[in-house]
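To start, the structure itself, in structure tokens.
None of the figures in this text is laboratory data; all of them are computed from the coordinates on show. Only a predicted model underlies this, so the values are computations on that prediction, with no experimental measurement involved. Because the Cβ atoms are built from the backbone with ideal geometry, glycine has one as well, and the counts that use them run over all protein chains shown.
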């Protein structure tokens, strides 16, 4: 029977990526269960929490250490129609929304083309934060819980919070 949809990572690979904590192993097992039996996030080449939705996962570029955050943080929504680039060691809290494309104002069945979302290295995106199309965040940026980021903060080493984020 050769109908396996994916390869289960070897223990050596899990050790190299730092995935052997009890919580991460549990989330990986749940991820594979939902991927196999229910087809959730089947197109994704990386593991994500079973309660997270990923649209156009092929347009997501992520640095080292980011994948672990995708596994642990649930109830997130990553829409990468125009692309999402995430720097090394960036982490996400539960409920984060990254939305890289708006609907076209003339035809809501289409999406407007824009720049991708770019998040720098060592950033922390707080619970239920929303990052909208074309936003760029510099290295070491912290986005407060519940913030809606509508514009870029390229300078880095800052904390942004509020609606809209400032």
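Relative contact order for region 51-160: what is it in percent, counting Cα pairs under 8 Å that are at least 6 residues apart?
Working: 323 pairs, mean separation 22.6, N = 110.
Across region 51-160, relative contact order equals 21 percent.
Just the number, please: percent antiparallel of the DSSP beta bridges in the chain, rounded to the nearest 5.
On the way: 1 of 26 bridges.
Once the DSSP bridges in the chain are tallied, antiparallel ones form about 5 percent.
For the chain, what log10 I(q)/I(0) values come out of the Debye formula at q = 0.14 1/Å, with one point per alpha carbon and no solvent?
Scattering profile of the chain, log10 relative to I(0): -0.72.
Based solely on its DSSP helices, what 222 nm [θ] is calculated for the chain when runs of n ≥ 4 H residues each add -39,500 (n - 2.57) and the sum is averaged over all residues, nearest 500 deg cm²/dmol? List each step's numbers first, then the result.
On the way: 3 runs with 30 residues, N = 166.
Here the helix-only value at 222 nm equals -5500 deg cm²/dmol.
With springs connecting C-alpha atoms under 10 Å apart, model the chain as a Gaussian network and identify which of 121, 110, 68 has the largest mean-square fluctuation.
Looking only at 121, 110, 68, the largest GNM fluctuation is found for 110.
What ranking do 111, 103 get, fewest neighbouring Cβ atoms within 10 angstrom at the top?
Values: 111 16, 103 11.
Neighbour counts put them in this order, fewest first: 103, 111.
For residue 88 paired with residue 108, estimate the spin-label separation in nm (one decimal), with each label point 7 Å from Cα along the Cα-to-Cβ line.
In this crude label model, residue 88 to residue 108 measures out at 4.4 nm.
Where is the GNM fluctuation largest for the chain (alpha-carbon springs, 10 angstrom cutoff): 34, 70, 50?
Result for the chain, Cα springs under 10 Å: 34 fluctuates most.
On a full-extension model of 0.36 nm per residue, what is the gain between residue 145 and residue 166, subtracting their alpha-carbon distance, rounded to one decimal in nm? Numbers along the way, then the final one.
Details: separation 21, 0.36 × 21 = 7.56 nm, distance 1.28 nm.
Net length gain for the segment: 6.3 nm.
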